[in-house]
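Data block below; observations after.
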Amino acid sequence: MTAPTATVLLKLRPNIALPGDLWLARHELELLLGCAVEPVPDLAALASEIPSLAVWQGPASPAAQPRPIAPQGFRVVAPLPALVALARRATFVQDVYAVAPDTSAHAALVRQAADRLGPTLAWKRLPGELAVHLVTHQALCEVSDWAVRHATGPADTVALLGQILSAWMDQNPDPHAQRLAAQALAARSASSYLSHDVHNYKAKFFPRLARALINICAAGDDDHPPRVLDPFCGSGTTLLEASAVGMDAQGVDVDPLSVLISQAKLAALQLDGDLLAQEAHRALERLQGAGASSTALDTAAGPSRAAPASPSGRAPAGPSDPELAGPPLRFPPWLLKNRKMSAYLVDSLTREIRHARATVAGCDPHVRPLFHTLLSDAVSRRVRLRFLGTGVGRFSLTFSRASVGEMLSRSVQRYANVVAAGGWLRQTLNMAWGSATAARGDARCLPHPAGQFDILVTSPPYLPAASGRESYARARALSLIALGMAAAEDVDDLAGSSIGAMDPSDVDLGQLTPAEGRLVSWLAQDPLRQPKAGPTARYFLEMRRALAEMHRVLAPGGRCALVSGRQSTFYRFSTRQVLQVAHSAEYLAEESLRAGFDIRATHDLQLAKGNLNARPRSLDDYYETIIIMVKPG
Ligand SMILES: C[S@@+](CC[C@H](N)C(=O)[O-])C[C@H]1O[C@@H](n2cnc3c(N)ncnc32)[C@H](O)[C@@H]1O
């Protein structure tokens, strides 16, 4: 027997700017619903066609703050029970409106959905019709980020969230609450909600992309929640998104800092809010009490007006604290060689880092991974290290005006709000988080038995031939050293263990595919790019091993979404003449077929011009390619 259906209107988030996201949105919805959806160019026009939609007013109205460009939503006739999965899983939809005939079967299903979705579903009985409005979990999570950033503390975060949701559900006519909801819904950022921004991380997934890919890979697998693996988990975006939709997930990364970041990202939302508030208070007292800002600098050359230099030219002495005398900090020689690393700066950085380290060392063990991660984040923003060009290890350094202590203080304060928002969301959405873990490991020899996972969603390191991609570990050297995770001389070994590292040792070129061989030969004959030829050949063979492992640990019939830069273009620097194009995603697709995968779809996603993380120093449009594949069953 088919389930009772409803006319359903899916209103998109207004902050969807890119055509690629729209493609993902539609693809995801069609897979979640099992049928085609029809684009709606203008929500206001549609609302006038379906008069019962007018029962939703203010921020709850279908026409309120729509996506500025068409389409503004999708329309479909769908079975009523699908509303619950839509609310919990959909990535790009903000509000769902359903209109159904008022029969006992329809009303029973609406009541069931209301029981399961709690305060995020409202419904009204109209003459002969039922009108339902619900907000998606994803939209509420994204909107919670606005509350976190505008709240004065954890209690205020929760109060703001309550006001926003009640106005959004058309249950709070207070103009102040309506204004808050309108502001929160207009917020543009969609990348920093929950604990996604616990650490600044180059090359991380957009969280929405990870979530949409999880949904796309999981479609049709309704009997048991799929088990998810990200073998290159980086900062843990896939793991958090899988966990948020109730799936168990495991992540592996060769880099210990990435593993810590993933673990902190996952643990933050399970922390006890009172404990964190208490520990945050203590940490702030210590940071501020010791005048964390008094050592702030604005340039590498010397002190700012806020930080007068002592006559010796050394950084001003801070208050005495025995823990500041802890283990000495040693920076790697290649970093110290940079002319910007003046004695004054090295001295100040050392003091800032040791003081921040002493502050977090005394905290409760439950909050320590989070505080360590926030400390590492502060260090990475204090000194930004960006590798340039051609693989000979050149890098640029820039420094923040704020000190490590100041940035750590701000993050600790904000995380008290993030954790409060996480607790509120868990309760309000009745969220059953899947268990998620991250561990150190190597994608070339995964520690899991064959067939353990149903879904793989991942983004492997990009081709080392591409500009600036060659050293993840070196770029994080200061954080690794600040946290005591690596000594100065170990950073290069860590960098070498990463796929795509600039490892000059020989590889058997005979094993490369013809296309890979052609790129490696071209790099080898170009005097400027020659240092990248060997590492590029090694990259191809290491990705071959990793793909074979990914195929092994996936269950037959399991799906894998791989995200890679689409291509790298090599120019003559003086004239910008194109010399060579390396089709990175095509190499990976070919290696995937070789590993035994069937490719179901590839799709190019254009990224925003302003996303300098993904496209450092590039003048071109930047595309990523999604490869969706399946392990034949
Ligand atoms: C493009 S990043 C992944 C970013 C991730 N999707 C996120 O959202 O943060 C690639 C990751 O692969 C990791 N990696 C490199 N070689 C590896 C290996 N042999 N095994 C496991 N991870 C590796 C790097 O440390 C890096 O964190």
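The values are calculated or read from the model by the stated rules, or taken from the named source; none is laboratory data. Just so it is clear, the structure is predicted and the values come from calculations on it, not from any experiment. Cβ: placed from backbone, ideal geometry, glycine included. Neighbour counts: every protein chain shown.
Observations, loosely collected:
- Which numbered condition Gln72 fails, given (1) of a type in the set (S, T, N, Q); (2) modelled with pLDDT under 95; (3) buried (at least 16 other Cβ atoms within 10 Å of the Cβ): (2)
- In the range 452-464, the residues that are more than 8 Å from the ligand (Cβ to nearest atom) reach residues that are of a type in the set (Phe, Trp, Tyr) with C-beta atoms within less than 9 angstrom, at least six apart or across chains, in these pairs: Val457/Phe205; Leu463/Tyr539; Leu463/Phe540; Leu463/Tyr587; Pro464/Tyr539.
- Val84 vs. criteria assigned by TED's automatic domain parsing to the domain that holds Pro14 and assigned to a strand (DSSP E or B): no
- In the range 196-241, the residues that are assigned to a loop (DSSP other than H, G, I, E, B), more than 20 Å from Leu33 (Cβ to Cβ) and of a type in the set (Asp, Glu): Asp197
- Look at (1) within 25 Å of the chain's Cα centre (by Cα); (2) within 14 Å of the ligand (Cβ to nearest atom) and you find that Arg544 fails only one, number (1).
- In the range 338-356 there is no residue that is buried (at least 16 other Cβ atoms within 10 Å of the Cβ) and either touching a His at 6+ places or on another chain (Cβ under 7 Å) or in the same structural domain as Lys532 (by TED's automatic domain parsing) (or both).
- Matching residues, the range 215-251, being of a type in the set (A, V, I, L, M, F, W, C), more than 8 Å from the ligand (Cβ to nearest atom) and under 22 Å from Ala268 (Cβ atoms): Val228, Leu229, Leu239, Leu240, Ala242, Ala244, Val245, Met247, Ala249
- Scan of the range 216-261 for residues that are among the small types (Gly, Ala, Ser) and under 15 Å from Ser195 (Cα atoms), ordered by number: Gly234, Ser235, Gly236, Ala242, Ser243, Ala244, Ser258
- For the range 156-170, the criterion of being assigned to a strand (DSSP E or B) and buried (at least 20 other Cβ atoms within 10 Å of the Cβ) is satisfied by no residue at all.
- Scanning the range 264-292 for residues that are acidic (Asp, Glu) and at pLDDT 90 or above returns Asp272, Asp274, Glu279.
- Any hit, the range 307-316, residues being modelled with pLDDT of 55 or more and not β-branched (Val, Ile, Thr): no
- Here the range 476-502 is the region considered, the condition is being surrounded by fewer than 19 Cβ atoms within 10 Å (Cβ to Cβ) and within 14 Å of the ligand (Cβ to nearest atom), and the residue that is modelled with the lowest pLDDT is Gly496.
- Flag for Ser409 being outside any loop (DSSP other than H, G, I, E, B), without any contact (Cβ under 8 Å) to a residue 24 or more places away in the chain and more than 16 Å from the ligand (Cβ to nearest atom): no
- The lone exception for Ala184 - which of (1) within 16 Å of the ligand (Cβ to nearest atom); (2) crowded, with 24+ Cβ neighbours inside 10 Å it fails: (1)
- The residues of the range 195-214 that are among the hydrophobic types (A, V, I, L, M, F, W, C) and either within 13 Å of the ligand (Cβ to nearest atom) or without any contact (Cβ under 8 Å) to a residue 40 or more places away in the chain (or both), listed by number, are Val198, Ala203, Phe205, Phe206, Leu209, Ala210, Leu213, Ile214.
- Among residues of the range 252-276 that are within 16 Å of the ligand (Cβ to nearest atom), those with a beta-carbon under 7 Å from a residue that is part of a loop (DSSP other than H, G, I, E, B) and modelled with pLDDT under 95 at least six positions away or on a different chain give the pairs Val254/Ser497; Val254/Ser498; Asp255/Ser498; Pro256/Met485; Leu257/Arg476; Leu257/Met485; Ile261/Tyr201.
- Residue in the range 101-108 that is of a type in the set (Asp, Glu), assigned by TED's automatic domain parsing to the domain that holds Ala17 and part of a loop (DSSP other than H, G, I, E, B) present: yes
- Residue that is nearest to the ligand (Cβ to nearest atom) [pool: residues in the range 412-433 that are part of a loop (DSSP other than H, G, I, E, B) and surrounded by fewer than 20 Cβ atoms within 10 Å (Cβ to Cβ)]: Trp433
- Pairs linking a residue in the range 519-530 that is part of a loop (DSSP other than H, G, I, E, B) to a residue that is hydroxyl-bearing (Ser, Thr, Tyr), with Cβ atoms under 6 Å and 6 or more positions apart or on different chains, are Leu528/Thr390.
- Test: residue in the range 607-615 that is of a type outside the set (Phe, Trp, Tyr), at pLDDT 90 or above and in contact with a Phe, Trp or Tyr (Cβ under 6 Å, 6 or more places away or on another chain): no
- Residue that is farthest from Arg211 (Cα to Cα) [pool: residues in the range 555-569 that are more than 16 Å from the ligand (Cβ to nearest atom) and surrounded by 20 or more Cβ atoms within 10 Å (Cβ to Cβ)]: Gly558
- Some residue of the range 364-373 being within 15 Å of Ala477 (Cβ to Cβ), in contact with a helix residue (DSSP H, G or I) (Cβ under 7 Å, 6 or more places away or on another chain) and in contact (Cβ under 8 Å) with a residue 40 or more places away in the chain: no
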